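Data first, discussion second: the structure below is written as structure tokens.
The values are calculated or read from the model by the stated rules, or taken from the named source; none is laboratory data. These numbers were taken from a predicted model, which means no experiment stands behind them. Positions of Cβ are backbone-derived with ideal geometry, glycine not excepted, and every protein chain shown enters the neighbour counts. Accessible surface areas use protein heavy atoms only, side chains included; no ligands, DNA or RNA. Shrake-Rupley method; radii C 1.70, N 1.55, O 1.52, S 1.80 Å.
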Amino acid sequence: MEFPLLETARLRLEKVEEKDAAAFFGIMSRDEVTAYYGMDSLVHEEEAVEIIRSFHASFHAKRGVRWAIRLKETDSFIGTIGLNNLNLKAKKAEIGYELHPDYWRRQLMQEAVNGVLKHAFAELGLYRIGAVTFPENTSSNRLLEKLGFTLEGRLRGYLHQQNQSHDAFVFSLLTTEWVNDC
């Protein structure tokens, strides 16, 4: 399967490469980014390389797709977005993402998610896209609701981060509910 390249008005979504490790580390080593991520902040750049390699392995095993988010005008790497727990046979996946704080509150993630939803529903033929968030992550929760996701419930003690368990919200969007406005 060839890696899918996606474009939106302001963004290019393309394969995350090892050359992106320093920029990816620059995002994932920030506590404000990982506070609601489900993993602790990265400490060494080699950890970023290992995660990027895991993105590639997941794609080749057809279990996930992770895109680099790049600004078209500068080609800057500003985050990643992906389909996790991809199951083509069962027609479902979970969406996950992170963005450098310098680019928060510009509707860039909304644009990226819309691009991935279009690909997931129209190209991959998925029926359900889920999302798992921390209840305290109000920005992500609002974004998902704005995009038409439904809050299905709370999973108690589902996420483990910083040596403690946390509850999680579960959201979903079905292809029959999706409004393609990108």
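Among bridges DSSP assigns within the chain, what percent are antiparallel (round to 5)?
90
Provide Rg over Rh for the range 43-106; use the alpha carbon set for both Rg and the Kirkwood Rh (inverse mean inverse pair distance).
A ratio of 1.03.
GNM, the chain, Cα, under 10 Å: largest mean-square fluctuation among Ala90, Ala57, Ala35?
Of the options given, Ala90 has the highest mean-square fluctuation.
Leu11's amide H: which non-local residues (gap 5+, or another chain) put their own amide H closer than 5 Å, with H modeled 1.01 Å from N in plane and none for Pro or chain starts?
Lys72
Just to be sure I follow the definition: excluding the sites themselves, where is the longest run in the chain that has none of the GluC sites (Glu not before Pro) in a DSSP loop with at most 10 other Cβ atoms within 10 Å?
Longest site-free region, per DSSP loop and neighbour criteria: 74-182.
May I ask you to list the trypsin sites (Lys or Arg not before Pro) in the range 80-115 that are in a DSSP loop and have at most 11 other Cβ atoms within 10 Å of their Cβ?
Lys89, Arg105
Explain nothing, just the number: dipole magnitude of the chain about its Cα centre with +1 on each Lys and Arg Cβ and -1 on each Asp and Glu Cβ, in debye rounded to the nearest 20.
Charge dipole, the chain, about its Cα centre: 680 debye, nearest 20.
Mind ranking Asp167, Asp31 by accessible surface for me, highest first, 1.4 Å probe?
So the residues, ranked largest to smallest area, are Asp31, Asp167.
Looking at the square roots a ≥ b ≥ c of the eigenvalues of the Cα gyration tensor of the range 113-182, which shape do they give, rounded for a/c under 1.5, prolate if a/b is larger than b/c, or oblate?
Prolate, since a/c reaches 1.5 and a/b exceeds b/c.
Cα atoms only: what Rg and Dmax, in Å, come out for the chain?
Cα radius of gyration and Dmax of the chain are 15.4, 43 Å respectively.
Enumerate the amide H contacts of Asp40 below 5 Å, restricted to partners 5 or more residues apart or on another chain; note that Pro and chain-start residues carry no placed amide H.
Placed amide hydrogens put Gln162 under 5 Å from Asp40.
Can you give the three extents of the C-alpha atoms in the range 81-133 along their principal axes, from longest to shortest, in whole Å?
Projected onto the principal axes, the Cα atoms of the range 81-133 cover 38, 21, 11 Å.
Residue by residue through the range 88-103, which ³J(HN,Hα) values in whole Hz follow from phi under the Karplus form 6.51 cos²θ - 1.76 cosθ + 1.60 (θ = phi - 60°), with glycine and proline marked x?
5, 5, 7, 6, 8, 6, 10, 9, x, 6, 8, 9, 4, x, 4, 10
If you plug each phi of the range 33-49 into the Karplus form 6.51 cos²θ - 1.76 cosθ + 1.60 with θ = phi - 60°, what whole-Hz ³J(HN,Hα) values come out, in order, with x for Gly and Pro?
7, 8, 3, 10, 9, x, 8, 6, 4, 5, 10, 10, 4, 4, 4, 5, 4
So what are the ³J(HN,Hα) numbers for the range 16-28, from phi and the Karplus equation (6.51, -1.76, 1.60; θ = phi - 60°), rounded to whole Hz, Gly and Pro as x?
These are the phi-based 3J(HN,Hα) values: 6, 10, 4, 5, 8, 4, 5, 5, 5, 4, x, 8, 6 Hz.
What accessible surface, in Å², does a 1.4 Å probe find on Val49, ignoring ligands, DNA and RNA and rounding to the nearest 10?
20
Starting from the residue with the highest accessible area, list Tyr37, Tyr127, Tyr158, Tyr97 in decreasing order, probe 1.4 Å.
Tyr158, Tyr127, Tyr37, Tyr97
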